[in-house]
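For reference, the structure discussed in these notes is given below.
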């Protein structure tokens with residue numbers, strides 16, 4: 001079957017994988033229909049992702065169809081449309097026992113630590129499939145990305161009426177915006193790119209869009225979705241006394257912490273990693289109910305075979321990409 005492999009930074013190579021085996025007990029064979037391109041994929045493509053090694057089959061934001069199931073599988077059946085929870089956890093370590101499967105001590109994320117879904121078919125643990133036959137494959141491919149924002153807002157325990165500052169309005173920042181809005185927070189977004197500011201203004205009335213650096217102590221909760229060390233260090237300035245800071249983006253570079261400021265305001269610093277199964281269930285219900293509108297998100301599409309020649313244009317500054325989708329079948 002057809003597959004795409006990232007052999008080195010900026011180098012996709014089409015190749016042929018052996019056909020997927022029939023699913024064993026607890027597994028499901030799925031057809032990949034839609035793949036979302038996320039910041040992790042872009043970082044890996046550019047050679048900036050700290051957890052990736054080449055060669056690698058990318059693809060963890062997946063909308064799939066179940067082709068067959070193995071013995072004992074009851075949560076999905078052949079023909080079901082599903083979103084994929086791409087976090088392969090052990091189930092036994094301290095994190096897993098605490099229900100924090102998103103940060104399993106031996107976690108493998110599809111398309112990051114092991115080969116992912118840029119192929120026609122694959123076998124997955126059935127428990128990692130979340131069915132919703134009323135949604136399109138493209139909508140299902142967006143669920144994992146939305147889970148990042150859902151989990152981050154949950155980490156911060158955002159409540160109605162709280163002031164929230166989101167730094168960065170790329171796809172991850174926008175997912176944080178979705179769930180901060182749903183929590184009833186008063187949201188401000190600081191974004192340097194004009195096109196991304198315009199997107200927020202057009203699609204999120206009531207959200208304050210900043211073109212200049214925020215004022216000191218402007219928010220009770222500050223989310224940094226940039227993945228830039230300097231920006232992450234500056235978050236301490238924007239948090240009010242007793243405020244919370246959440247790092248959603250990730251960087252290879254050490255982040256400087258202004259300790260006197262951190263202590264004086266008694267701030268709380270949180271990391272947010274991935275999502276958990278409950279986030280997927282909630283997001284599917286919200287999309288189905290029309291409370292999250294995914295229509296405006298998808299700005300670019302490409303057929304599977306054209307991705308090697310298209311990817312560079314998507315990652316070029318000024319491309320206007322909000323969310324890109326690869327259609328496999």
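The values are calculated or read from the model by the stated rules, or taken from the named source; none is laboratory data. All of these numbers come straight from a predicted model, not from anything done at the bench. Glycine also receives a Cβ, built like all others from the backbone with ideal geometry; neighbour counts cover every protein chain displayed.
Quick look at the numbers
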quantity: The lone exception for residue 15 - which of (1) outside any loop (DSSP other than H, G, I, E, B); (2) in contact (Cβ under 8 Å) with a residue 40 or more places away in the chain; (3) surrounded by fewer than 19 Cβ atoms within 10 Å (Cβ to Cβ) it fails; calculated: (2)
quantity: Selection within segment 282-329 - in contact with a helix residue (DSSP H, G or I) (Cβ under 7 Å, 6 or more places away or on another chain) and assigned to a helix (DSSP H, G or I); calculated: 282, 283, 284, 287, 311, 315
quantity: Number of positions in segment 129-153 that are part of a helix (DSSP H, G or I) and more than 27 Å from residue 14 (Cα to Cα); calculated: 8
quantity: Residue that is surrounded by the most Cβ atoms within 10 Å (Cβ to Cβ) [pool: residues in segment 227-238 that are at pLDDT 95 or above and in contact with a helix residue (DSSP H, G or I) (Cβ under 9 Å, 6 or more places away or on another chain)]; calculated: 236
quantity: Yes/no for residue 170 being within 16 Å of residue 246 (Cβ to Cβ), within 13 Å of the chain's Cα centre (by Cα), crowded, with 18+ Cβ neighbours inside 10 Å and modelled with pLDDT under 95; calculated: yes
quantity: Checking residue 40 against (1) touching a helix residue (DSSP H, G or I) at 6+ places or on another chain (Cβ under 9 Å); (2) not in a loop (DSSP other than H, G, I, E, B), the condition it does not meet; calculated: (1)
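Residues are listed down the side, and each one gets a yes or a no for (1) surrounded by fewer than 22 Cβ atoms within 10 Å (Cβ to Cβ); (2) at negative phi; (3) not in a strand (DSSP E or B):
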position	(1), (2), (3)
21	yes, yes, yes
54	yes, yes, yes
63	no, yes, no
68	yes, yes, no
75	yes, yes, yes
95	yes, yes, yes
